[in-house]
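For reference, the structure is listed below as structure tokens.
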Amino acid sequence: MKSPKGSWAVFGILLGLAVLFMLGTASELPPTVASHFDAAGYPSTFMPRAAYLRLVLGFGLGMPVAIVGILTAAYSRARNLRLPNRDYWLAPEHIGETRSFLVAHGIWFGSLLVLLVSFMHWLELKANHLAPPHLSNEAFAVGMLMFLIGTAVWIGAMMVKFRRTGR
């Protein structure tokens, strides 16, 4: 199976930059962080800075790592997948390429999640710089729209890949 080294490199770099960004900006947060906001952008939950940082690093970045790990483990051994043109893509001469593509594709989705978590942290920083704290619904909506577009492109790339046979 061909190794998806490029996607691993991008994922590792994004993950490292996200950790540096979050650790590097933690001191800009107030001692008590507005960590959750209602639909109007007003804070509804507060937590100590250290707890917020543990949450965003542990869960926020841990989730993309876990998803990439699970997808890599599942796809690198996959034998019976529901794919268009599955007879072609699961044939012994193509199964390696299929697995490699799926692993790399899962890593790209993990990279997209790292970008989302980093964007959300940036929104938290901006919201907590205001007195009183307030989350920009417009910026949140733009970020979510970009994530959804990225996810649609990710899905589309997989559909295009397996709809055709050959490269």
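Among 13-24, 152-163, the peptide with the highest mean count of other Cβ atoms within 10 Å heads the list, and the full ranking is 13-24, 152-163.
A viscosity of 1.567 mPa s and a temperature of 4 °C, combined with the Kirkwood radius over Cα pairs in Stokes-Einstein, give a translational diffusion coefficient for the stretch 1-100 of 77 µm²/s. For the stretch 1-153, a simple Cβ point-charge model (Lys and Arg +1, Asp and Glu -1, everything else neutral) yields a dipole of about 500 debye relative to the Cα centre. Across the stretch 98-108, rounded Karplus estimates of 3J(HN,Hα) from the backbone phi angles (6.51 cos²θ - 1.76 cosθ + 1.60, θ = phi - 60°) give 4, 4, 4, 4, 5, 4, 4, 5, x, 5, 5 Hz, Gly and Pro being marked x. Based on Cα contacts under 8 Å between residues 6+ apart, the stretch 1-65 shows a relative contact order of 25 percent. Of the GluC sites (Glu not before Pro) found in the stretch 1-105, the ones in coil according to DSSP and having at most 15 other Cβ atoms within 10 Å of their Cβ are Glu93. Sparsely packed loop sites in the stretch 1-103 (the trypsin sites (Lys or Arg not before Pro) outside DSSP H, G, I, E and B with at most 16 other Cβ atoms within 10 Å) comprise Lys2, Arg77, Arg79, Arg82.
Computing the accessible area with a 1.4 Å probe over protein heavy atoms, can you report the carbon and sulfur percentage for the chain? Exposed carbon and sulfur together represent 69 percent of the surface. Remark: the stretch 19-152 carries 54 Å² of accessible area per residue (probe radius 1.4 Å; ligands, DNA and RNA excluded). Among Ile107, Ile67, the order of accessible area from largest down is Ile67, Ile107, computed with a 1.4 Å probe on protein heavy atoms. Farthest toward the positive end of the dipole of the chain, out of Ile70, Ala51, Gly96, is the Cα of Gly96, where the dipole comes from beta carbon charges about the Cα centre. Here is the P(r) of the stretch 51-115: all C-alpha pair distances, binned every 5 Å from 0, give 4, 18, 22, 18, 13, 9, 7, 4, 3, 1, 0 in whole percents. Taken one residue at a time, the phi angles of the stretch 33-44 give Karplus couplings (6.51, -1.76, 1.60, θ = phi - 60°) of 9, 6, 10, 9, 10, 7, 5, 8, x, 8, x, 10 Hz. Gly and Pro are set to x. The stretch 22-37 and the stretch 89-103 have Cα centres lying 44 Å from one another.
Evaluate the relative contact order of the stretch 1-148 (contact order divided by residue number), counting alpha-carbon pairs under 8 angstrom at least 6 apart; express in whole percent. Value for the stretch 1-148: 34 percent.
Considering only Cα atoms, the convex hull volume of the chain works out to 114 Å³ per residue.
Mean separation of Cα pairs under 8 Å and 6 or more residues apart, divided by the residue count, gives the stretch 77-167 a relative contact order of 36 percent.
The values are calculated or read from the model by the stated rules, or taken from the named source; none is laboratory data. Note that the structure is predicted; figures quoted are calculated from it, not measured. For neighbour counting, all protein chains shown are included, and Cβ atoms are generated from backbone atoms with ideal geometry for every residue, glycine included. All accessible areas refer to the heavy atoms of the entire protein, side chains included, with ligands and DNA or RNA removed. Shrake-Rupley method; radii C 1.70, N 1.55, O 1.52, S 1.80 Å.
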